[in-house]
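Enquirer: Before I ask anything, let me first share the structure, which is written out below as structure tokens.
The values are calculated or read from the model by the stated rules, or taken from the named source; none is laboratory data. Predicted model, so just to flag it, every value in this text is computed and none were measured. Counting neighbours? That spans all protein chains shown, and the Cβs are built from the backbone with ideal geometry, glycine included.
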Amino acid sequence: MSYNSWIDFDCKKYYLDSKKHGLRLLFDKKYPFEERNLIKKYIAFLRKKYFFPIRCKIYIRNCSFFLNESGKRIYGKFVNGQKTENLIVYPCIFVAAKSAIENMDNILLNLTKLLTYYYQWYFFDDKNRTSRSIEREANYYAFSLLDIYHDYCRNKSTKDRLDNYSSATQ
């Protein structure tokens, strides 16, 4: 990768071209509370680290897959935003996230991959590149960011244990 598709939060001031920005997370009503919180924590981590210049709604559906137009199974979909004279349709992401704790890494990988498609759309990269290069970049960021998140969680957990230990010994 010759550049970073994701916008670091520190660079926010250069990308304020939309009145609404950030991520909005929407779950099925019956989506389990514990899994919902795990996804919310991951999104909170991404919001602290990266800036999302145009509002993007993320719909988390409690299903195993969706069917695309040709009838094939897909596990998520990024829908481009559009602007007309009278209407702005913001981009959105649909994630098939059948609730199961053991499935959470796959759900977060899929979500991150779809968010990379969001950035590729924002920078008009999807028009200039092959679908294979777009897919490779999305996979790269999905695995890299999930590794960074796991390291962050491990370090936070260690720090919390040390804080609890030091306060207990005082």
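Enquirer: Only one of K57, K29, K48 is out of contact with any strand residue (DSSP E or B) (no Cβ under 9 Å at 6 or more places or on another chain) and under 29 Å from F123 (Cβ atoms); which?
Expert: K48
Enquirer: Right, here's the next one. Do we have any residue at all in segment 121-133 that's among the β-branched types (V, I, T) and at pLDDT 85 or above?
Expert: Filtering segment 121-133 for residues among the β-branched types (V, I, T) gives 130.
Checking which are at pLDDT 85 or above leaves us with none.
Checked against the condition, which is being among the β-branched types (V, I, T) and at pLDDT 85 or above, segment 121-133 yields no hits at all.
Enquirer: Same structure again: When the residues of segment 34-80 are filtered to those that are of a type in the set (S, T, N, Q) and not in a helix (DSSP H, G or I), which remaining residue is surrounded by the most Cβ atoms within 10 Å (Cβ to Cβ)?
Expert: N62
Enquirer: Is it the case that segment 105-126 has a residue that's in a loop (DSSP other than H, G, I, E, B), in contact with a helix residue (DSSP H, G or I) (Cβ under 6 Å, 6 or more places away or on another chain) and either among the charged types (D, E, K, R) or farther than 18 Å from I7 by Cα (or both)?
Expert: No, there is no match, as no residue in segment 105-126 is in a loop (DSSP other than H, G, I, E, B), in contact with a helix residue (DSSP H, G or I) (Cβ under 6 Å, 6 or more places away or on another chain) and either among the charged types (D, E, K, R) or farther than 18 Å from I7 by Cα (or both).
Enquirer: Looking at segment 31-50, can you tell me whether even one residue there is among the acidic types (D, E), out of contact with any helix residue (DSSP H, G or I) (no Cβ under 6 Å at 6 or more places or on another chain) and within 18 Å of S144 (Cβ to Cβ)?
Expert: There is no residue in segment 31-50 that is among the acidic types (D, E), out of contact with any helix residue (DSSP H, G or I) (no Cβ under 6 Å at 6 or more places or on another chain) and within 18 Å of S144 (Cβ to Cβ).
Enquirer: Out of all the residues in segment 117-148, which are surrounded by 19 or more Cβ atoms within 10 Å (Cβ to Cβ) and more than 14 Å from N80 (Cβ to Cβ)?
Expert: E137, A138, Y141, A142, L145
Enquirer: Checking the condition at pLDDT 90 or above and closer than 28 Å to R154 by Cα, which residue from F65, F94, F33, F51 passes?
Expert: Values: F65 fails: closer than 28 Å to R154 by Cα; F94 fails: closer than 28 Å to R154 by Cα; F51 fails: at pLDDT 90 or above.
Of F65, F94, F33, F51, the one residue that is at pLDDT 90 or above and closer than 28 Å to R154 by Cα is F33.
Enquirer: Taking segment 90-104, which residues are touching a residue at least 40 places away in the same chain (Cβ under 8 Å) and assigned to a helix (DSSP H, G or I)?
Expert: Result: I101, M104.
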